[in-house]
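Trainee: Mind having a look at this structure? Questions to follow.
Rule-based calculations on the coordinates, nothing more; no lab input. All values derive from a computational prediction rather than experimental measurement. In this analysis, Cβ positions are derived from the backbone assuming ideal geometry, glycine residues included, and neighbour counts consider all displayed protein chains.
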Amino acid sequence: SACASSGVSGLIIPDLPPEEGSELEAITQRQNLDLIYLLAPTSTEERIRLVAQRSRGFIYLVSLTGVTGARDKLSSGLEAFVARVRKVATQPLCVGFGISTPEQVRHVARIADGVIVGSRIIQLMEAKDNFISLVSNFIKRLRYALDELPEG
């Protein structure tokens, strides 16, 4: 209830598999919070169906295997992965992990419903003196990349 009263709208718990999430699902539903599950490119069709049935809000698609962090390029199989999940899921699909440039954001926005950028923002925040302007300018560049996309 503290999350809900603080304005939190959902929870992402990366290490929570849907098979073990029933208790937390019940709690979040009572508090009107979304519980966001993750899918990886290696997820089985059975896992994709299960996450599609149980995720609320959106589904977090991990763009690559391995750990999070900025990458030079996106996975070559990302479009096929998004299409595979889209066949089963009705929730919005948001892609994260390794996304760090305006070009990558633009590419992901063409195939997914949302783009998640985390590690690059944390890196910029670690520049202690002027991190607010660094992060602000970076987010403006990402927003501009999205604004350049054609409508529809």
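Trainee: Between exposed GluC sites (Glu not before Pro) in the chain, where DSSP calls loop and at most 10 other Cβ atoms lie within 10 Å, what's the longest gap?
Mentor: Numbers: sites that count: GLU126, GLU148, GLU151.
In short, 1-125.
Trainee: Something else: Convert each backbone phi in the stretch 113-123 into a coupling constant with the Karplus relation 6.51 cos²θ - 1.76 cosθ + 1.60 (shift: θ = phi - 60°), then list the ³J(HN,Hα) values in order as whole Hz, x for Gly and Pro.
Mentor: 8, x, 10, 10, 10, x, 4, 5, 5, 4, 4
Trainee: I would also like to ask the following. Just in the stretch 62-149: which trypsin sites (Lys or Arg not before Pro) are loop by DSSP and have at most 16 other Cβ atoms within 10 Å?
Mentor: Sites meeting the loop and neighbour criteria: LYS73, LYS87, LYS128.
Trainee: Alpha carbons only, please: Rg and Dmax for the stretch 38-147, in angstrom.
Mentor: Over the stretch 38-147's Cα set, Rg and Dmax evaluate to 14.7, 48 Å.
Trainee: I would also like to ask the following. Using the alpha-carbon atoms, what tilt in degrees (0 to 90, nearest 10) does helix 102-111 show relative to the longest principal axis of the chain?
Mentor: Between the helix axis and the principal axis of the chain, the angle is about 30 degrees.
Trainee: Once the Cα atoms of the stretch 80-143 are picked out, what are the Rg and Dmax in Å?
Mentor: 14.0, 46
Trainee: Under a Cβ-only charge scheme (Lys and Arg +1, Asp and Glu -1), can you give me the dipole magnitude of the chain about the Cα centre, in debye to the nearest 20?
Mentor: Details: 17 positive and 17 negative charges, 56 e Å.
Its charge dipole is roughly 280 debye.
Trainee: So what's the gap between the Cα centers of the stretch 131-151 and the stretch 75-120, to the nearest angstrom?
Mentor: Here the answer is 17 Å between Cα centres.
Trainee: Can you work out the Karplus-derived ³J(HN,Hα) for every residue in the stretch 10-27? Use 6.51 cos²θ - 1.76 cosθ + 1.60 with θ = phi - 60°, whole Hz, and x for glycine or proline.
Mentor: x, 10, 10, 10, x, 8, 9, x, x, 5, 10, x, 4, 5, 5, 4, 4, 5
Trainee: For the chain, find the longest principal axis of its Cα atoms and tell me its angle to the long axis of helix 131-147, 0 to 90°, nearest 10.
Mentor: Relative to the chain, helix 131-147 is tipped by roughly 80 degrees.
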